[in-house]
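Below is one structure; the comments refer to it alone.
What follows draws every value from the coordinates through simple rules; no lab data is involved. Treat the numbers as computed from the prediction; the structure is a model and nothing was measured. Every residue, glycine among them, receives a Cβ derived from its backbone with ideal geometry; neighbour counts consider all protein chains shown.
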């Protein structure tokens, strides 16, 4: 699993840990310093505030030709002109959109555009088993925001939102290539996801959008295996596994109990609940 953070000079620890750095394009051309200082990292130049145009693209093509060792990709606007897309393809410059694939129509549309990366969000995050082989066939890099609980509808239960716990990173690495961390404290959150790969507290403390008090320590280890290809059957009233897992976590927390990974025998009442969830 690779990680991407927004480039900030103050986040020195996270900069060293991350494989990708995202920096906004501006008239000061701050991205140049980043490109030359970190040639071993993939630099994402984001055009969120300024649209990519022919003049800027010519400059970037020139920089790429003069510095063949640098790794870069452009994150461009949704309504980018076709002639700019053609020029990027001609000069073998990776590009992708600041636009999220939350369904298969968008996913296939982005592939047809010729993008290098695709953000998988919301409902499509529950269909990764099907998505990953399609992406590999087209040489697409799959990206996701692990610490944002995502849903197309605002008032929805937390367990129906797409997010990735630090504990589940290794499992999701089969289906996702890059995790993009969105936070004001890159040093802390990146370390939790990449190095610690666990969190001994409530999920809402590290995942934006989680509102209920769910102690991560009381979520069973197989949580992610139920979600990666379930296609959100809960919306069709055909599955309640995630609901039961969250309910179990809250029940254990209310009784001041914590799930552990030691070799001691699990109490029968708890084991019965876990066995029930697996059915």
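When shorter helices are ignored and each DSSP H run of at least 4 residues is given -39500 (n - 2.57), the per-residue value for the chain at 222 nm works out to -9500 deg cm²/dmol.
The angle between the Cα long axis of helix 268-278 and the main principal axis of the chain comes to about 50°, on a 0 to 90 degree scale.
Counting beta carbons within 10 Å around each of 195, 27 and listing the fewest first gives the order 27, 195.
Distance from the Cα centroid of the range 3-24 to that of the range 48-88 is 21 Å (rounded to whole angstrom). Each of 188, 228 was scored by other Cβ atoms within 10 Å of its Cβ. Arranged with the fewest first, they read 188, 228.
Kindly express, to the nearest 10 degrees and within the range 0 to 90, the angle between helix 104-113's C-alpha long axis and the longest C-alpha principal axis of the chain. Once rounded, the angle reads 20 degrees.
Can you tell me how the range 1-147 classifies by the Cα gyration tensor, rounded, prolate or oblate, using a/c under 1.5 as the rounded cut? In terms of gyration-tensor shape, oblate.
Select one label from (i) 1.22; (ii) 1.11; (iii) 1.16: the one whose number is Cα Rg over 2.2 N^0.38 Å as derived from the coordinates shown. Of the labelled values, this structure produces (ii).
Among 108, 199, the ranking by other beta carbons within 10 Å of each residue's beta carbon, starting with the fewest, stands as 108, 199. Cα centroids of the range 217-254 and the range 98-150: how far apart, whole angstrom? After rounding, the separation between the Cα centres reads 23 Å. Cβ-Cβ distance of residue 256 and residue 173, R₀ of 35 Å, FRET efficiency by 1/(1 + (r/R0)^6): the value works out to about 0.55.
If you line up the long axis of helix 241-254 against the longest principal axis of the chain, both from Cα atoms, how many degrees apart are they, to the nearest 10? For helix 241-254, the angle is close to 60 degrees.
A crude spin-label estimate for the pair residue 247 and residue 71, with each label 7 Å from Cα along the Cβ direction, gives 4.5 nm.
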